[in-house]
Each structure stands twice: as structure tokens, then as C-alpha cells.
Amino acid sequence: MASQTPQSSSLPDASPARNWALKLTQNVQLGLQEMTARKYTLPDKNVASQLLMYRQLLHTKCRPGLKLSRDYQGTPAQVAVQHMPWWSEGCQETRKMVISYDNLIQRLWIHGCPNQNHSLDEEPPIPHDDWVHALGFQQTDPVTDFRSGGVLSLAMMVYLCESCHVVYSRFIRPTGDASVLPFAITSINVTDMLSRFLMLSKAVDRMDALLSQKTFWRMFADPNALLACQELSMDLLADVVVELQAERAASDGSPVTVFDFTAILETTEHRVQYDLLGAGPKSVDSLRKIYAKIKTKYAHELQVRLGNVPASATPLAKSLPIDHHAVLQKANQVAHGAQEMAGNMFQRLKQQAPNLMNTFQETNSHAQQQPQPMQAHVESHTLDAMNIASTNPSTDQDSNDVKHADKTSSPSGSDSDWTGTEIQAATAGINNFSIGGEDDEEEDDFL
């Protein structure tokens, strides 16, 4: 009996259908990856390391004799941050990167009191009335005012005094246009405000901070981003003071005082959170451009309120940053539309090509078995940033020993356990900067 051979001419060619189904699967897969990709996470491990270090400095209490150091190896990451204000000078000569409270407070005294002649070797007098009258602390010993901001708030003040003379001069008494507010207390509060926006506070788990999505995280690939945020936030706050003074002068003539500080800070927080950072700056340069638009916008609105210009004249209304809530709502609408489009596409596929479904399912099954490069990259990146404490058990033990010594120090407040503390590298490839301190959670950092 002859075998029956199927007639090949009566069967459709499956090769084009298979290629079409594979191409469709790849396009849908790429579209879904783009919709679900974490576009606004920290750019890389170095930025995550810097974020952890800012958190450590915020949580490290200021105290006389505080001195923390690590070896300077001249790595690209160390070179990129060696100009940050918390480091003592001369790291290339001494081969040490040192954070010293005594050095920071001396620099603040020298550069923060411009009406006095100071020598670079002069030790700041503590207590002294100028800490209150010139620099704006609450006590004649400044160490008592750093409780909420730690070493980070002190370093930010030093940066403003040394490098941002225009902004700092606005708070110098009695000539500064915002000198009704004490400079030191104002700067500490601005640092605290930024720490909340940047998720540095203790109330936020550090892993939540590392995995967070912020439209401005890409900007922090430049270490100067934090310094620029402090500088521009202080300048925006001074603008709020000037606006309030002008409105008071045009109405009842009452002066602006320190009792208005809460309202001034709330207005500043809104502008920094929504107008400045909420615009999603991708670089320090773009941050400054956004800042310039904000200043122009609110200066114009002030003139409108004072009746100096007509309300219809708003030249910058369309060029200002969009509120981040509107951006998020638009993103959700786009994602929903993409999902609906994908669903309709598959429905048409089922209706118009039922004979190709088996081929499509086989191809789709094959594609799902392939590695997911986007997901693997994200997970690998996240693990690199999160793997802080497990690389070197001996270093973790050293860090725990420092914390234990701090908790068991004498009631007199001796700081001998901090002075000269050496922080060793975690691995040969990644340098671990762990400064420990008052934080209950273990804080490590890569440089």
C-alpha cells in the first residue's frame, strides 16, 4: 500500500509567519521594558556611595576633637570628591583624607567673620559672642546647634562662607538683605530640608533611598550637585525674605523678623521641592538654568502683587518647569494607553491569524526563556550598591568596635575614641569609607 504524501502546496509557508511573530514579540517586549524601566534611579554605584556618605555626615554629631580619616589612593572616585568642603586640605601630600571638626570650625570662624582679621593658624575662641552676633548661632559655643544636621550642616556652612560670597553676604549683618535671619540657624535648617528631599534622614531606610526614583538623581553624578542645592536653596530663601519685606512695606509697614522664619522656610521648601528639584534637572548646569527662571518668575509675580506691572504680562509662564504631579499623571496615562494598545494588538492577532497562534506561542515561549538583559542589569546594579557590609567581615568588626566604644564612653563626653580613627578599605577594588557614629544602623560608603 503506497504511503500518502501530504501535498506541500496545500499548506501555508510558516517561515514568514514565524518571523513576523518573533518580530512582534520583540517589539512588545521592548515596549514593556521601556514602560517598566526604572528611569529615575541612581545613575551608578558611585552616586549611591556619595548618597550614603552624605547620610553618614548628616548623622555624625559634631564634637570637639572629632577626627576621621582614611587612606588617599588617588582613585578616580576620590579625586572627584577631594574638593568637597568636609575634607581637610593636603590629602595628596599626607596621603590621608581627613574629616576634622576642629578644622571645619576654624575655617568657619576665619571666613565667616569678615569684619575681623584672622590668621590661618588662629584657633577660634570658644565661647565668643561673635558666634551669635556675626555668624548667627544660638549659643556662644556653636557645637550645641548642630544636633539636627551633624557634620554635613557644618560643612555646608563652610562651603557657603568660603565659596559662595554673594549668597553668604545676603545674611551678613547689618547690610545683607536677608540679615534679619541668623545665617547659621538658617543654613542648618536648609541642610535639614534638603536631607528630607534627598532621603538622607533616619526616618528613611537607606535601602529605600538607594532604590528610590527621583527625577533629579541623574544630576548627582556630579558631586557638586549637593553643594549647588545648598547654595541655590539659601539664595531662594533670601529672595522670599526680600519679597515679604516688600509686601509688608507696601501694606502695613511692619518689619520681617525671626518670628516669620517658619512661614519663610515653608515657602522656600515648596519652591525647592516642586520648582527646582521637581523640574528634574539632569546636571548642575540645568539646575542653575531652572533656578534662574524661578528667580525671574517670582520677581515678576512680586511686581504684579505690588501693582508695578499688569497681571497679564507673564512672559515666563510657559517656560517654567511643570509640576511633577502633572508629569506623573501624564506618565500614568501613557502607560495605560500603551497597555490598552498592546491588548488590542493581541486581540486582532487572534482574530485575523488563528492558524499562526501555535507558531506564535512557540516563539513566545522561546523568547521568555532568553535572559532579560534590562532586569539583570538593574538587579546587578542594585546588588553592587547594596553590598556594603558583607565584603570584609574584619572591617565590619572594626566599625562595630568604634560604635561600641562611642556608646560606652565616659559621662564626661571624652572624644578620644574618635580621634585618629582609621577606616580601612573593604576590598582592593572598592574603598569602604565607614565613619560610624550615632546612627543605630550601620552606615558604610564607597569612595
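The values are calculated or read from the model by the stated rules, or taken from the named source; none is laboratory data. Remember, predicted model here, so these are calculated numbers, not experimental data. Neighbour counts are summed over all protein chains in view; Cβ atoms, including those assigned to glycine, are modelled from backbone coordinates with ideal geometry. Ligands, DNA and RNA are stripped out before the accessible areas are found, and what is left, the full protein with its side chains, is counted by its heavy atoms. Shrake-Rupley method; radii C 1.70, N 1.55, O 1.52, S 1.80 Å.
Here are the numbers for this structure:
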read-out	value
Cα point-scatterer Debye curve for the stretch 42-99, base-10 log of I(q)/I(0) at q = 0.20 Å⁻¹	-0.84
Residue-normalised accessible area of the stretch 166-290, expressed per residue, 1.4 Å probe, Å²	39
Heavy atoms of residue 216 accessible to a 1.4 Å probe, total area in Å² rounded to 10	10
Mean Cβ count within 10 Å, highest first, over the residues of peptides 16-25, 289-298	289-298, 16-25
Label-point gap, in nm, between residue 80 and residue 258 - each point 7 angstrom along Cα→Cβ	4.1
Carbon + sulfur, % of accessible area of the stretch 76-191 - ligands and nucleic acids excluded, 1.4 Å	51
Hydrodynamic radius (Kirkwood) for the stretch 215-292, which is based on Cα pairs only, to one decimal in Å	13.5
Where only alpha carbons of the stretch 87-190 are counted, the Rg and the Dmax (Å)	13.5, 43
